[in-house]
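Asks: Encoded as structure tokens, here's the structure I'll be asking about.
The values are calculated or read from the model by the stated rules, or taken from the named source; none is laboratory data. Since we're looking at a predicted model, the values are computed, not measured. Here Cβ is always computed from backbone atoms with ideal geometry, including for glycine, and neighbour counts include all displayed protein chains.
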Amino acid sequence: MTASTDITTEPGPALRFVAIALRAPFAIAAALALIYGVYHFTYAREILAIALVAYAVLLWRFPFAWLFVLPAVLPVVNLAMWSGRFFFDEFDFFVLTTLAVNYWRPNAGRVFLRLDGKQYILLYLLAISFAISTVLVLVPFPPIDANAFSSYLSPYNSLRIGKGFLWAFLLAPQLDHAYRTDAKRFMLFAGSGVLAGLAAAGIGFLWEKGVFAAMHDWTSIYGLVDALLDFSGTYRSTGLFSSMHTGGTAIDGYLALATPVALGVIVFVRNPLVRLAACAVFALGLYSITMTFSRGLYAALGLSMAVLALCLAVRYRKTVTGNPLSFLFWALWFTATTAALFGSYKLGGYVSVGGAMAAALLGLLAGFVAGQVSKPIGGLVFLGAIALSAFVTHHGMDSSKWTDIPAQFALTFAVIITVVLGTAAAILGYFSIPKHRAFDVLLLAAILAVIWVGTIPALSGVRMTTRFAAVSMDMLTRDSHWGDVVSIASGEGLHRVFGMGTGSFPRHYFVNKMGKMVLVSYRAARDENGPHLVYGSGDYHITQRISMKPDTMHTFKASVRTRHGSAGLYLKICEKNFIFSERYTPNCVGTLFKLAQSDTYQDISYTFSSETLGRHGLLYWPVTLMFYLGESNPSIDITSVSLTTADGTELVANGDFSRGMDRWLFVSDWEHLAWHEKNTFLHVFFEQGIFGLLIYLSFIALAIARCIRSLKTASPVPVVLLPAILAFLAVGLFGTVIDNPRVAMLLYLMLFAASFPHGRKYLHNQT
């Protein structure tokens with residue numbers, strides 16, 4: 001093994017001098033911002049502080065550690081539903097820790113300011129675009145009060161949106177430095193971090209679906225299966241992404257970026273245990289994707305796998321089998337087999353599709369054995385596979401409760417489908433699998449099984465059938481919404497060139513009355529009677545997560561003032577993740593308070609038993625207290641919110657709103673168009689104008705072009721990132737995936753990494 005040498009191209013003398021001069025001030029500024037943010041954080045402050053100190057020590061000892069930690073915590077450390085903070089949150093603290101530690105290093109001049117490539121030029125131009133569009137919103141400078149950082153309608157929402165790019169901008173030189181210094185270690189840490197984050201996100205989806213609660217309440221296997229494989233309910237999983245409190249596609253964008261990385265690890269890493277672990281993580285990612293019931297994300301998944309296959313075909317076209325058409329045969333076989341499995345599932349459910357899938361996978365194995373081990377043994381495996389698969393497939397159709405199939409037809413279909421699938425797979429396994437790759441064959445079978453099991457039942461389920469049937473209607477809604485967005489964005493002069501301003505879309509939506517949704521208005525206020533919440537009408541909830549034990553008595557109290565007419569205030573206490581689910585309604589307790597007009601506060605109270613709420617503790621959705629005023633009521637003032645147990649323990653934090661909206665968060669269960677343009681390119685055009693859109697498209701084009709040109713190099717980075725980026729762009733055609741700062745940061749860093757010149761000099765640490 002040759003010694004690793006640092007081949008980093010140093011910045012010019014002037015830039016180097018500026019970087020050294022600003023290194024310490026930037027490190028101190030990041031540290032001070034971190035300390036201030038953690039000190040004033042509203043939830044789990046001590047635990048966060050300990051975690052951040054531990055991370056700082058780890059990062060100082062292992063400079064590459066941030067490549068693992070940031071993508072690992074990105075999808076799972078989401079405390080907004082508890083803290084009420086969604087402008088500057090706990091993930092920002094991890095980024096600030098990264099910047100503070102890395103800036104303080106003596107060699108920080110290498111990772112601070114650079115200007116030595118097209119990717120840097122585009123990065124700086126995009127920074128200029130963000131700066132201009134942010135200035136358009138924040139000039140004249142709006143006052144900073146208790147509501148400045150608690151509403152998407154605030155001008156300071158520009159900072160929330162812009163920080164996704166800002167973090168990527170500040171981390172990009174460090175990313176570049178890490179790749180240039182030791183590309184192999186870079187890929188190890190970054191790939192492992194994305195895998196860890198995707199695994200944690202997948203476990204979050206299992207938690208959200210009630211899998212762990214079903215295991216805790218075990219009575220039979222059917223309860224677990226029902227929780228795990230519910231493809232008929234209307235609830236669309238949101239995982240642990242707290243930004244989903246206004247709907248949107250943040251989770252779609254993340255899964256589109258992260259899931260192809262798991263496939264990349266399976267392909268390029270040679271360690272069998274690591275590849276098996278990556279296969280398990282891919283299964284979790286695929287499960288997460290299916291449970292979103294997102295049509296665009298399903299299409300993006302198919303696109304990413306097709307692009308990955310094409311990339312591998314280009315990369316290994318002369319080394320896999322010597323036959324360049326083998327990849328085409330594999331694609332045709334996979335497509336035809338998938339179609340046959342769909343038919344089997346429709347006729348006989350899980351049992352029949354399992355039998356048909358066994359015919360395909362065991363046939364593949366039989367062909368491999370016949371070609372590389374022994375033809376007689378391969379023939380025996382093939383005959384056994386056909387017999388077993390035909391029996392299972394026939395049994396599934398014969399015993400199905402959902403279809404009434406004549407016995408003769410079921411038997412004939414089972415025999416034909418298993419023979420055809422098994423024979424086609426055996427031929428492919430015999431001629432198209434490289435020698436001495438038995439483990440790869442087994443791993444390929446596992447991946448195919450994961451893909452088929454993860455997608456066929458979901459796509460055939462009631463929920464997706466309904467969603468596919470609604471495509472035309474949803475496109476009409478999208479088209480109308482996009483037209484409204486363009487009509488506002490197509491202004492004149494400065495706004496046409498530089499946009500309407502970063503983070504300004506929700507405010508323009510309501511100001512211009514783009515939709516039917518009543519203005520979402522809430523604000524913390526203070527008068528001679530003290531602090532209170534001014535709660536306006538609209539289709540949304542004001543919520544707070546609370547800790548509650550089942551079968552205990554509780555008393556709710558509050559003081560309410562209705563100065564503009566009588567109103568009805570709903571109180572609901574439910575098990576809830578982020579947005580509406582038909583499953584939490586039966587488990588709610590609550591009441592309707594009818595409020596008469598009055599200039600003075602009136603006390604309201606409600607005593608109730610928690611019944612089953614909180615019965616699963618951390619194993620299922622948290623208990624959430626919710627207010628709902630509705631769209632036809634005048635605004636009300638509310639304060640002194642209290643929820644106590646029989647022994648007087650207070651469960652509500654900041655019930656008088658003296659700390660603004662801390663610990664409270666609004667949730668838009670149904671109406672999501674007000675918060676998202678529903679198209680990423682339209683989002684960029686609306687907020688940053690023609691100038692920003694051109695730079696954004698140029699950045700994407702550079703990343704894609706360099707990935708394509710680098711497919712034949714030694715680096716696996718372009719092969720992994722190209723499918724992820726294209727999948728993300730596909731999701732972005734129907735969703736605003738970069739209005740979530742975390743996802744935006746991940747995208748920009750991936751685009752930046754994809755734009756590296758992936759020549760051999762960047763992989764100098766070779767044997």
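Asks: Pick out the one residue from Arg275, Arg236 that is in contact (Cβ under 8 Å) with a residue 40 or more places away in the chain, charged (D, E, K, R) and outside any helix (DSSP H, G or I).
Replies: Arg236
Asks: When you scan the range 665-767 for helices (runs of 4 or more DSSP H) that lie fully inside it, which ones turn up with 2 or more residues that are over 26 Å from Ala72 (Cβ atoms)?
Replies: 680-709
Asks: Additional query: Given the criterion touching a Lys or Arg at 6+ places or on another chain (Cβ under 9 Å) and buried (at least 18 other Cβ atoms within 10 Å of the Cβ), identify the matching residue among Val267, Val307.
Replies: After ruling out the rest, the residue left standing is Val267.
Asks: Inspect the range 500-507 for any residue being in contact (Cβ under 8 Å) with a residue 60 or more places away in the chain, of a type in the set (Ser, Thr, Tyr), buried (at least 19 other Cβ atoms within 10 Å of the Cβ) and assigned by TED's automatic domain parsing to the domain that holds Leu341 and give the result as yes or no.
Replies: no
Asks: Pick out the one residue from Asp551, Asp527 that is assigned by TED's automatic domain parsing to the domain that holds Thr607 and either among the aromatic types (Phe, Trp, Tyr) or touching a residue at least 60 places away in the same chain (Cβ under 8 Å) (or both).
Replies: Of the residues listed, the single one that is assigned by TED's automatic domain parsing to the domain that holds Thr607 and either among the aromatic types (Phe, Trp, Tyr) or touching a residue at least 60 places away in the same chain (Cβ under 8 Å) (or both) is Asp551.
Asks: Which of the following residues is surrounded by fewer than 23 Cβ atoms within 10 Å (Cβ to Cβ), small (Gly, Ala, Ser), under 18 Å from Phe68 (Cβ atoms) and outside the structural domain of Ala280 (by TED's automatic domain parsing): Ala146, Ala190, Ala168, Ala200?
Replies: Ala200
Asks: Considering only residues that are under 30 Å from Phe130 (Cα atoms) and without any contact (Cβ under 8 Å) to a residue 60 or more places away in the chain, which ones fall in the range 166-225?
Replies: Leu166, the sole residue that qualifies.
Asks: Can you name every residue in the range 652-670 that is on the phi < 0 side of the Ramachandran plot and in contact with a Pro (Cβ under 8 Å, 6 or more places away or on another chain)?
Replies: If the condition is that a residue be on the phi < 0 side of the Ramachandran plot and in contact with a Pro (Cβ under 8 Å, 6 or more places away or on another chain), then Asp656, Ser658 are the ones that fit.
Asks: Looking only at the range 57-78, which residues are in a helix (DSSP H, G or I) and surrounded by 17 or more Cβ atoms within 10 Å (Cβ to Cβ)?
Replies: If the condition is that a residue be in a helix (DSSP H, G or I) and surrounded by 17 or more Cβ atoms within 10 Å (Cβ to Cβ), then Leu59, Ala65, Trp66, Leu67, Phe68, Val69, Leu70, Pro71, Ala72, Val73 are the ones that fit.
Asks: Oh, and also: Output the residues belonging to the range 586-617 that are of a type in the set (D, E, K, R) and touching an Asp or Glu at 6+ places or on another chain (Cβ under 9 Å).
Replies: Glu611, Arg615
Asks: Let me ask something additional. Being within 30 Å of Leu693 (Cβ to Cβ) and under 27 Å from the mean Cα position of the chain (by Cα) narrows it down to one residue among Leu79, Leu138, Leu170; which is it?
Replies: Every option except Leu170 fails the conditions.
Asks: Which residue is farthest from Ala131 (Cα to Cα), if the candidates are limited to the range 500-531 and must be touching a Phe, Trp or Tyr at 6+ places or on another chain (Cβ under 6 Å) and part of a strand (DSSP E or B)?
Replies: Here the residue is Pro531.
Asks: From Val497, Val441, which residue is in a helix (DSSP H, G or I), hydrophobic (A, V, I, L, M, F, W, C) and surrounded by fewer than 17 Cβ atoms within 10 Å (Cβ to Cβ)?
Replies: Among Val497, Val441, only Val497 is in a helix (DSSP H, G or I), hydrophobic (A, V, I, L, M, F, W, C) and surrounded by fewer than 17 Cβ atoms within 10 Å (Cβ to Cβ).
Asks: While we're looking at this one, here's another question. Before we move on, is Leu325 buried (at least 23 other Cβ atoms within 10 Å of the Cβ) and either at pLDDT below 85 or over 18 Å from Thr455 (Cβ atoms) (or both)?
Replies: Criteria not met by Leu325.
Asks: Checking Ala24 against (1) modelled with pLDDT of 95 or more; (2) loosely packed, with under 14 Cβ neighbours inside 10 Å, which test does it fail?
Replies: Ala24 satisfies every listed condition except (1).
Asks: Check whether at least one residue in the range 630-648 is under 31 Å from the mean Cα position of the chain (by Cα) and surrounded by 19 or more Cβ atoms within 10 Å (Cβ to Cβ), and report yes or no.
Replies: Checking the range 630-648: not a single residue is under 31 Å from the mean Cα position of the chain (by Cα) and surrounded by 19 or more Cβ atoms within 10 Å (Cβ to Cβ).
Asks: Still on this structure, please answer the following. Being closer than 27 Å to Gly302 by Cα and in a helix (DSSP H, G or I), is that true of even one residue in the range 392-403?
Replies: Among the residues of the range 392-403, at least one is closer than 27 Å to Gly302 by Cα and in a helix (DSSP H, G or I), which makes the answer yes.
Asks: I'm trying to understand the selection: among the residues of the range 130-188, which are modelled with pLDDT under 90, over 28 Å from Ala525 (Cβ atoms) and either touching a Gly at 6+ places or on another chain (Cβ under 6 Å) or assigned to a loop (DSSP other than H, G, I, E, B) (or both)?
Replies: The answer is Asp182, and nothing else.
Asks: Then there is this: Considering each of Arg463, Arg467 in turn, give the residue that is touching a Ser or Thr at 6+ places or on another chain (Cβ under 8 Å), assigned to a helix (DSSP H, G or I) and at pLDDT below 90.
Replies: Sole residue among the options that is touching a Ser or Thr at 6+ places or on another chain (Cβ under 8 Å), assigned to a helix (DSSP H, G or I) and at pLDDT below 90: Arg463.
Asks: Could you look through the range 193-217, keep only residues that are over 17 Å from the mean Cα position of the chain (by Cα) and assigned to a helix (DSSP H, G or I), and pick out the one that is modelled with the lowest pLDDT?
Replies: His216
Asks: Looking at the range 448-465, can you tell me whether even one residue there is in contact with a Lys or Arg (Cβ under 9 Å, 6 or more places away or on another chain) and not small (Gly, Ala, Ser)?
Replies: The answer is yes; a qualifying residue exists.
Asks: Six or more apart or on different chains, Cβ atoms under 6 Å: show the pairs whose first residue is in the range 626-653 and modelled with pLDDT of 95 or more and assigned to a loop (DSSP other than H, G, I, E, B) and whose second is of a type outside the set (D, E, K, R) and surrounded by 14 or more Cβ atoms within 10 Å (Cβ to Cβ).
Replies: Leu651/Ile546; Leu651/Leu643; Val652/Val641; Val652/Ser642; Val652/Leu643
Asks: Then there is this: Criterion first (without any contact (Cβ under 8 Å) to a residue 40 or more places away in the chain, under 15 Å from Ala753 (Cα atoms) and out of contact with any Phe, Trp or Tyr (no Cβ under 6 Å at 6 or more places or on another chain)) does Ala701 satisfy it?
Replies: Yes: the conditions hold for Ala701.
Asks: Please find, within the range 545-569, the residue that is farthest from the chain's Cα centre (by Cα) out of those that are within 11 Å of Asp599 (Cα to Cα) and part of a strand (DSSP E or B).
Replies: The extreme case among them is Arg561.
Asks: Here is a follow-up. Find the residue count for the range 282-319, including only residues that are in a helix (DSSP H, G or I) and not aliphatic (A, V, I, L, M).
Replies: Adding up the residues that qualify gives 13.
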